1. Here is a check on your reading of the model: is residue 286 in contact (Cβ under 8 Å) with a residue 60 or more places away in the chain, surrounded by 14 or more Cβ atoms within 10 Å (Cβ to Cβ) and either farther than 30 Å from residue 77 by Cα or charged (D, E, K, R) (or both)?
2. Residues in the range 351-384 that are in contact (Cβ under 8 Å) with a residue 24 or more places away in the chain, assigned to a helix (DSSP H, G or I) and either surrounded by fewer than 13 Cβ atoms within 10 Å (Cβ to Cβ) or not aliphatic (A, V, I, L, M) (or both): how many?
3. Being assigned to a helix (DSSP H, G or I) and either of a type in the set (Asp, Glu) or more than 21 Å from residue 136 (Cβ to Cβ) (or both) narrows it down to one residue among 297, 344; which is it?
4. Filter the range 166-185 for residues that are touching a residue at least 24 places away in the same chain (Cβ under 8 Å) and either surrounded by 17 or more Cβ atoms within 10 Å (Cβ to Cβ) or among the aromatic types (Phe, Trp, Tyr) (or both) and give the result.
5. Taking the condition part of a helix (DSSP H, G or I) and either touching an Asp or Glu at 6+ places or on another chain (Cβ under 8 Å) or closer than 30 Å to residue 288 by Cβ (or both), does residue 16 pass?
6. Would you point out which residue out of 76, 53 is touching a strand residue (DSSP E or B) at 6+ places or on another chain (Cβ under 9 Å), among the hydrophobic types (A, V, I, L, M, F, W, C) and surrounded by 16 or more Cβ atoms within 10 Å (Cβ to Cβ)?
7. Given the options 150, 128, 156, name the one that is buried (at least 20 other Cβ atoms within 10 Å of the Cβ), on the phi > 0 side of the Ramachandran plot and either touching a residue at least 40 places away in the same chain (Cβ under 8 Å) or basic (Lys, Arg) (or both).
8. Given the condition of a type in the set (Val, Ile, Thr) and either within 24 Å of the chain's Cα centre (by Cα) or buried (at least 18 other Cβ atoms within 10 Å of the Cβ) (or both), answer yes or no: does some residue in the range 19-27 qualify?
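The values are calculated or read from the model by the stated rules, or taken from the named source; none is laboratory data. The structure presented is a predicted model; accordingly, all values stated were derived computationally and were not measured. Here the Cβ positions follow ideal geometry from the backbone for every residue, glycine too, while neighbour counts run over all protein chains shown.
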Amino acid sequence: MSGHSTYEPKSGAAKWFEARLPIIGLTYSSFVVFPTPRNLNYWWNFGAILVFMLAAQIATGIVLAMHYIPTSDLAMGSVESIMRDVNYGWLIRYLHSNGASLFFFAVYIHMLRGMYYGSYKEPREVLWILGVIIFFLMIAAAFFGYVLPWGQMSFWGATVITNIFTAIPLIGDPIHTLIIGGFAVDSPTLNRFFSLHYLLPFMIAGVVVLHIWALHVPGNGNPTGVDVKSSQDTVPFHPYYTIKDFFGLSIFLILFAWLVFYVPNYLGDANNYIAANPLQTPADIVPEWYLLPFYAILRAIPNKLMGVIALAASIGLLVFLPWLDTSRVRSASFRPIYRQFFWIFVATGIGLGYLGSQPPQGGYVIAARILAFYYFAHLLIVLPVVGLLEKPKPLPASITEAVLAKSAAKA
């Protein structure tokens, strides 16, 4: 290990405060001298990027909430007023709307990195489960937020998604009525969704604290999947990874700035600039891009109840990934067969995303059913079977040995 916290307060006031609330020492030991594997690559940058994006979403969301009016008559007008009348309101709104897309983009990469390198395996099961909970809360927050502009896509998206609860026997209709606040999507629905959209980011922040805490108990995973065996395997988090994270975040912010300043509506839907009209249904009702894979799974099942179950299972099964994967080797770098299936799984997710944006008819439905079948087959069949039958490559004796071997190969 790189060592324990060496923080010692210098002034009398600092010593007094530290003796009563050692938050500075905790921060120092957790984010300055915390021993971190020396071989982390740039895929590990997305943890820091996600923390930044969450803070940005909360900050911009608070400002937007000061001016937003959650009623069906005034919602769209208040959004337009934010864009035109509030100082830099256009910037704040575009930061928030595009920030949601980049938040999901980063979280998908973060989750796929965890799946590739086996970051969910023992002793990091709770860390992974907390990550899945964060992902679920993000989906809920994104859905509630998408309804708030009260355009055509907002209204009909809320109508379609809330209607899936009616498929649940016995309790479905009461739950549907409770969620929308009546018998049709209207002002009570908007008020509820605004309240939940405002609340959920703070819940996410709370779970993120637990997520980071759960990370600091066993420590970071690493690309080799080999446990830390000596102090030579680690370096202090600062300055090595603070600088690396800052560089990765800077690159990410260039993409963010390009979206906000050059193509702020590129990821949106033009129909959402048309006021909500319950009497006119859009030709195609689709959610934001980051929810399209799950929407494709929902539509691929002809039975409404089974579609809802498949939708819930597509996320819920991720909780059990630490136990579905039977291999004792963490990293896919040493699992040649699993690595091929992993990339097929990634392609499946991208394919489902595309099919979710297409009309639910003809070949699109057939393709969605095939990909949805593989999605579940990967989790329930491929992971357990490949883990038992695959013969992995030899693992390095230590992280240091892997780093030195890589350096020698480059030389």
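1. Numbers: in contact (Cβ under 8 Å) with a residue 60 or more places away in the chain: yes; surrounded by 14 or more Cβ atoms within 10 Å (Cβ to Cβ): yes; either farther than 30 Å from residue 77 by Cα or charged (D, E, K, R) (or both): no.
Criteria not met by residue 286.
2. Adding up the residues that qualify gives 9.
3. Values: 297 fails: either of a type in the set (Asp, Glu) or more than 21 Å from residue 136 (Cβ to Cβ) (or both).
Within the list 297, 344, the selection yields 344.
4. 185
5. Working: part of a helix (DSSP H, G or I): yes; either touching an Asp or Glu at 6+ places or on another chain (Cβ under 8 Å) or closer than 30 Å to residue 288 by Cβ (or both): no.
Here the answer is no, as residue 16 does not meet what is asked.
6. Numbers: 53 fails: touching a strand residue (DSSP E or B) at 6+ places or on another chain (Cβ under 9 Å).
76 is the lone residue from the list that is touching a strand residue (DSSP E or B) at 6+ places or on another chain (Cβ under 9 Å), among the hydrophobic types (A, V, I, L, M, F, W, C) and surrounded by 16 or more Cβ atoms within 10 Å (Cβ to Cβ).
7. Working: 128 fails: on the phi > 0 side of the Ramachandran plot; 156 fails: on the phi > 0 side of the Ramachandran plot.
The unique qualifying residue is 150.
8. First, pick out the residues of the range 19-27 that are of a type in the set (Val, Ile, Thr): 23-24, 27.
Going one step further and asking which of them are either within 24 Å of the chain's Cα centre (by Cα) or buried (at least 18 other Cβ atoms within 10 Å of the Cβ) (or both), we end up with none.
No, the range 19-27 contains no residue that is of a type in the set (Val, Ile, Thr) and either within 24 Å of the chain's Cα centre (by Cα) or buried (at least 18 other Cβ atoms within 10 Å of the Cβ) (or both).
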